[in-house]
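Down below is the structure, laid out as structure tokens.
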2 protein chains.
Amino acid sequence: MTGFFFFNQIDMQSNWYTYLFHVQYLGLRYAGWQKQEGVRTIQGTLERTFRHSLGEERFKILGAGRTDAGVSANRAAFELFSPVPIELGTICYQVNQYLPTDIRLLEVREVGKDFNIIHDVAWKEYRYNLAFGEKFHPFAGGYLSYFAGNPDIELMQEGLALLKGMHDFRRFCSVDKITDNYVRTILETSFSRHPQAGLGYIPEQSYTMEFKGKGFLRYQVRIMVGALIDLGLGKLSLAEFEEALSGQGSGAIAIQAPAHGLVLENVVFRNI
Amino acid sequence: MTGFFFFNQIDMQSNWYTYLFHVQYLGLRYAGWQKQEGVRTIQGTLERTFRHSLGEERFKILGAGRTDAGVSANRAAFELFSPVPIELGTICYQVNQYLPTDIRLLEVREVGKDFNIIHDVAWKEYRYNLAFGEKFHPFAGGYLSYFAGNPDIELMQEGLALLKGMHDFRRFCSVDKITDNYVRTILETSFSRHPQAGLGYIPEQSYTMEFKGKGFLRYQVRIMVGALIDLGLGKLSLAEFEEALSGQGSGAIAIQAPAHGLVLENVVFRNI
């Protein structure tokens, strides 16, 4: 809610400069995106670093979506509102020098006053990275989840395909007091070998599940993944999975998969 | 000190079983090895998981060395003292299921009563992993440090070679109230391209500095690396570096390099 408050407040300052940044981070040691007192967050770390780099206190940062504690991003987005212009050619390099190694700015552009980082999202892509078999090297532990057992990958792929389209996802999310509309549309899904499987610290038996959509409910991706793993390990039948997808029954169908397997892969905007 | 206290206390319990474990971890989100109230540590996480897996409260864990906050390990060691025997064939697999993905047990063996994990260290190997040039992907940010600039690698190699042998390292450590003996011996050093450079998230321009010795002073490896980087970037001359190595002058010669580039690569014991 704070984000919207800032946005409206700033919207009135018609003389402020507005910039769109893309950023990537390893979420492992952060208590999520959203700034909170007394804990390390992505937004808090970015604001502290921009204050230092800009020598300016009055700017505001508004994210396109708020990742939970432990969740990473490969290409997230935020808007920066500033009373003074910034140097587009050097700002990313300059801020990156002061950001810790687990956060990196990718690019920046100036956007018009009519750009709205919340409403102008065309789609977001989330990936869930996971490995089966032997437990893997801890150096990959920040962006990959491990599951014991030998799941039926084909059955998981079948389940994943069912998620595509418009459904009532009330059994694939955590209860949220703000909404009573659980209908969302998943534009695309895929299940493939991890693109870097076998390279660096990423094990051979690593997979990536991909989910594209305009918006997702709280914990939706992680609960969908949890249900797919239960399906693959025989703890859930395809019939139960399908029934839950119609909104029938009550309570979440599965426990959410661990945060550190989830990556906000991309945020794409329309009208820019 | 607590460690020694436990050790002596247990040493008297001549009927306890003693095991040597090797373990690896990503230190990024941990406040170091040593158990402390209210923060997440490697020892604390291991003890909690063993309690759960063994269904036994009375065991004790003693590490071979205590890594600082943010420091990782590729093959660290600890001794486990237990009043009941453990199942050597399954314990690592079982405990690994409950440990988070950023800590992994590698192997275990039973050791005799005369084995002493502190005194029987033959040598330890530390590696410092770093990259120059473009800031790299945050997913490698937990085990690799980044430095801006274009250092003189040959000069750094020259400086590194000077560290080998027995020296008074008082200007390459943080002042420690417990010791007034700053003489240590470095058995081996090397400077090479990172063995996984260009693979996974590890950038092409990544390097590894290696240090082998029986014991190191507080922050010694990180201050030696900090001084070598200052040397490579022209902030320190080879003459100043050599002079400091004789123990001349006062104060640490450089700021310690960031914790997350440091990895306790291996601990090797004699007599087992």
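The values are calculated or read from the model by the stated rules, or taken from the named source; none is laboratory data. None of these values were measured; they are calculated from a predicted model. Please note: Cβ atoms are built from the backbone with ideal geometry, for glycine as well, and neighbour counts cover all protein chains shown.
Go through (1) closer than 21 Å to B:LEU130 by Cα; (2) assigned to a helix (DSSP H, G or I); (3) in contact with a Lys or Arg (Cβ under 9 Å, 6 or more places away or on another chain) for B:ALA244 and report which single condition fails.
(1)
Is it the case that some residue within the stretch B:195-204 is more than 29 Å from A:GLY200 (Cα to Cα) and out of contact with any helix residue (DSSP H, G or I) (no Cβ under 7 Å at 6 or more places or on another chain)?
Scanning the stretch B:195-204 turns up no residue that is more than 29 Å from A:GLY200 (Cα to Cα) and out of contact with any helix residue (DSSP H, G or I) (no Cβ under 7 Å at 6 or more places or on another chain).
Among what's in the stretch A:85-112 and is more than 14 Å from chain B (Cβ to nearest Cβ), assigned to a loop (DSSP other than H, G, I, E, B) and of a type outside the set (Val, Ile, Thr), pick the residue that is surrounded by the most Cβ atoms within 10 Å (Cβ to Cβ).
Looking at the filtered set, the residue picked out is A:LEU88.
Mind counting the residues in the stretch B:203-244 that are aliphatic (A, V, I, L, M) and more than 24 Å from B:VAL267 (Cβ to Cβ)?
Residues flagged as aliphatic (A, V, I, L, M) and more than 24 Å from B:VAL267 (Cβ to Cβ) within the stretch B:203-244 amount to 8.
Only one of these conditions is not met by A:LEU62: (1) touching a residue at least 12 places away in the same chain (Cβ under 8 Å); (2) surrounded by fewer than 20 Cβ atoms within 10 Å (Cβ to Cβ). Which number is it?
(2)
Restricting to the stretch B:12-49, what's the tally of residues that are within 12 Å of chain A (Cβ to nearest Cβ) and outside any loop (DSSP other than H, G, I, E, B)?
Of the residues in the stretch B:12-49, 5 are within 12 Å of chain A (Cβ to nearest Cβ) and outside any loop (DSSP other than H, G, I, E, B).
Matching residues to (1) modelled with pLDDT of 95 or more; (2) closer than 21 Å to B:TYR17 by Cβ; (3) among the acidic types (Asp, Glu):
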site	(1), (2), (3)
B:THR67	no, no, no
B:ALA73	yes, no, no
B:PHE78	yes, yes, no
B:ILE91	yes, yes, no
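Criterion first (within 14 Å of chain A (Cβ to nearest Cβ) and surrounded by fewer than 18 Cβ atoms within 10 Å (Cβ to Cβ)) does B:LEU199 satisfy it?
It is true that B:LEU199 is within 14 Å of chain A (Cβ to nearest Cβ) and surrounded by fewer than 18 Cβ atoms within 10 Å (Cβ to Cβ).
Suppose we keep only residues that are of a type in the set (S, T, N, Q) and within 14 Å of another protein chain (Cβ to nearest Cβ) within the stretch B:113-149. Which one would you say is surrounded by the most Cβ atoms within 10 Å (Cβ to Cβ)?
B:ASN129
Which residues, taken from the stretch B:189-223, are small (Gly, Ala, Ser), outside any strand (DSSP E or B) and closer than 20 Å to B:PHE136 by Cβ?
B:ALA197, B:GLY198, B:GLY200
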